[in-house]
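Notes follow once the structure below has been shown.
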Amino acid sequence: MTARRARREAGETAKRVRRRRVPPLIVACWVVLGLLVALAILAPVIAPYDLRTQSLLQRLKPPAFLGGSTDHFLGTDQLGRDMLTRVLYGLRTTLGIAAIGTVIGMTLGVTLGVLSGMFGGWLDDAVMFLVDVQMSLPFVLVALTVIAMLDTSLLVLVLVVGIAGWEIHARVVRGQVLAVKGLPFVEATQALGARLQRVALRHVLPNVISPIIVLTTVNFSYVVLLESALSFLGLGVQPPNTSLGALLGAGRDYMMSNWTLPAIPGLVIVTITMVVSLIGDWLRDVLDPRQRD
Amino acid sequence: MHHFVVKRLLRGIATVWFVLTAVFVASRVAGDPVTFLLPDNATPDQRAELRQRLGLDRSVVEQYALYLRGVVTGDFGDSFRERRPVTQAFVERLPATLQLAAASLALAVVLGVGAGILAALNRNGPLDRFIMSLTFIGQALPNFVLGIAMILVFSLLLRWLPSGGYGDWRSFIMPVITLGTSSASSIARLTRSGMLDVLKQDYVRTARAKGLVGAAIVLRHALRNAALPVVTLLGMQAGVLIAGSVIVETVFAWPGVGRLIVTAVTFGDFPVLQFAIVIVSASVVLANSLTDALYSVLDPRVRVA
């Protein structure tokens, strides 16, 4: 009896360990993401040149690995600016805006979702109507309209990418709140006289943390894409600042003379979205098996 | 069924009304509309004249009523960049965008449903894994990166295809693939999971027991039921394709509505943008409502709900 129990327990532990082991691909993704974030943070320290230093004699040089000089490892752009420096700063801007935008979207969505689920009534109707509206519109168009009315600036861009993903958070969190609100133990706490605030913070929030983490990852790569797309169209980050999307857009005009100008920032964008998507899928499997398709 | 469709329709109308009102409020909050509606070099006389014509000397409520009347009668004002009605500028570019979107959607459905069925029938086999990896890449690859990568390879390196512009069939290949890839990937994933669900069902086993061969089961019994979520997704693709065409048309210098919208934002051509957002939200809402109606035709259970 005890032997069988011990064996069963050992089996369960093994299963748990197996489940917890992170697949090598995901480890690689975390390493790449960590590296990209480190490069973004350290950009001002490690960038070999100033972002704006032009050198018209050194225009459109190829990268070192394609026969260029090692002075400009990734070559130079149409104004002779060092591409390694520009890609590092572009990465910094892109990741920075995406991080702030994701946090804004999450905060807005979670707050409205919790309020909507907890209080119901007209507040719920209003929030859900806004969610419906935003879900039924292509967000790029909303972003373009806001930018057209408020003009292009970093603040407007952050604002736009901030409101990009709130509705998914709000919807999921509201659903979770409604589900948790009906659980017997939550009803019991309320019957014991716990205030709404306490129920929200102590019982509802811990239950929605997992889906929030998963959604935030999904939203992060969406926001990277949105910022890149807007900057690519010339309506996001403005010179002299740059972002990966802006570099891709600028590089497109000179790809006949130096194809690496659009290729390198494009590759970095794809790397970010792939890595974050893979991490997001993995997080969903680990944290929230119910959302699996 | 009628009740369901009517409810969805009312909701759609409310959405479009909300968008109209938001654009109105935002344009008043953001500043004097005359500065949006007239080019920067307009004379004070022109400004005063436009102010009167738009009824900006009246109360906000009256202005709002006038604005809604303009929308209903199809009077969205003139594009100041092209100096003609925005509706005219829009209609002129619509065919190019519709051709691009229709071709992309067709490609996405054929590729997506085909790949999804193949993947489901080879569940967890090498082909399934290969298709699923492709769809993952297809979903994570941003269209502007894909478009430029294709131009680099097929126009610059191999010189097979034109790098942009609207011409013969060859000019369609890259824009259509670029616009259709992410839709194809979503459709493939959904078809696969739908098929896997359906293939487990008793009636599929029954069909097999009756002696039906593989293709008949897949096409007649399984696919029809697996198609339901895909139909919903197709409705949602209207918005995805419109958003995508804004980018893809810029990448490939495609003379369509998407390009018109980007130019309007760049030049502050507000009437064009206002018309674009109204017409796009209306068509997306319409597409979603039609999807719901189609859904209730395909799945009798929905009619009750």
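Within region B:155-189, the set of residues being assigned to a helix (DSSP H, G or I), more than 12 Å from chain A (Cβ to nearest Cβ) and surrounded by fewer than 17 Cβ atoms within 10 Å (Cβ to Cβ) comprises B:170, B:173. Scanning region A:135-153 for residues that are more than 8 Å from chain B (Cβ to nearest Cβ) and crowded, with 19+ Cβ neighbours inside 10 Å yields a single hit, A:143.
In this structure, does residue A:195 turn out to be open to solvent by 30 Å² or more (accessible area, probe 1.4 Å), more than 27 Å from residue B:264 (Cα to Cα) and not acidic (Asp, Glu)? Yes.
Every condition in (1) more than 23 Å from residue A:217 (Cβ to Cβ); (2) modelled with pLDDT of 85 or more; (3) open to solvent by 10 Å² or more (accessible area, probe 1.4 Å); (4) not acidic (Asp, Glu) is met by residue A:110 except one, and the failing one is (1). Assess whether residue B:245 counts as being closer than 23 Å to residue B:94 by Cβ, loosely packed, with under 15 Cβ neighbours inside 10 Å and at pLDDT 80 or above. When the stated conditions are applied, residue B:245 does not pass them. Does residue B:72 qualify as being of a type in the set (Val, Ile, Thr), modelled with pLDDT of 75 or more, open to solvent by 60 Å² or more (accessible area, probe 1.4 Å) and within 22 Å of residue B:246 (Cα to Cα)? So residue B:72 does not fit the description; no.
Pairs linking a residue in region A:38-56 that is farther than 18 Å from residue A:94 by Cα and in contact (Cβ under 8 Å) with a residue 24 or more places away in the chain to a residue that is outside any helix (DSSP H, G or I) and among the hydrophobic types (A, V, I, L, M, F, W, C), with Cβ atoms under 6 Å and 6 or more positions apart or on different chains, are A:54/A:79. So, in region A:203-232, how many residues would count as being within 12 Å of chain B (Cβ to nearest Cβ), open to solvent by 20 Å² or more (accessible area, probe 1.4 Å) and in contact with a helix residue (DSSP H, G or I) (Cβ under 7 Å, 6 or more places away or on another chain)? Residues in region A:203-232 being within 12 Å of chain B (Cβ to nearest Cβ), open to solvent by 20 Å² or more (accessible area, probe 1.4 Å) and in contact with a helix residue (DSSP H, G or I) (Cβ under 7 Å, 6 or more places away or on another chain): 2 in total. Annotation note: Cβ proximity below 8 Å between a residue of region A:268-280 that is more than 9 Å from every other protein chain (Cβ to nearest Cβ) and a residue that is open to solvent by 10 Å² or more (accessible area, probe 1.4 Å) and of a type in the set (Ser, Thr, Tyr) (sequence gap 6+ or interchain) occurs for A:272/A:221; A:279/A:217; A:280/A:217; A:280/A:221.
Every residue, every condition in (1) modelled with pLDDT of 75 or more; (2) touching a Ser or Thr at 6+ places or on another chain (Cβ under 8 Å); (3) more than 10 Å from chain A (Cβ to nearest Cβ); (4) open to solvent by less than 10 Å² (accessible area, probe 1.4 Å), yes or no:
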| site | (1), (2), (3), (4) |
| --- | --- |
| B:220 | no, no, yes, no |
| B:255 | yes, no, yes, no |
| B:266 | yes, no, no, no |
| B:272 | yes, yes, no, yes |
| B:287 | yes, no, no, no |
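Of the set (1) modelled with pLDDT of 85 or more; (2) open to solvent by less than 30 Å² (accessible area, probe 1.4 Å); (3) away from chain B (no Cβ under 14 Å), all apply to residue A:180 but (1). Name every residue in region A:42-77 that is assigned to a loop (DSSP other than H, G, I, E, B), within 16 Å of residue A:263 (Cα to Cα) and open to solvent by 30 Å² or more (accessible area, probe 1.4 Å), in order of residue number. Result: A:60, A:61, A:62, A:73. Of the residues making up region B:103-115, those that are at pLDDT 90 or above and of a type in the set (Gly, Ala, Ser) are B:103, B:104, B:106, B:108, B:112, B:115.
Within region A:133-192, which helices (runs of 4 or more DSSP H) (wholly inside it) include 2 or more residues that are within 17 Å of the chain's Cα centre (by Cα)? If you could, list the steps in order and put the result at the bottom.
Values: elements: A:139-150, A:154-162, A:166-181, A:184-191.
Qualifying helices (runs of 4 or more DSSP H): A:139-150, A:154-162, A:166-181.
The values are calculated or read from the model by the stated rules, or taken from the named source; none is laboratory data. Because the structure is predicted, anything quoted here is derived from the model rather than measured. Reconstructed Cβ throughout: ideal geometry from the backbone, glycine too, with neighbour counts over all protein chains shown. Keep in mind that these areas ignore ligands, DNA and RNA; they rest on the heavy atoms of the full protein, side chains included. Shrake-Rupley method; radii C 1.70, N 1.55, O 1.52, S 1.80 Å.
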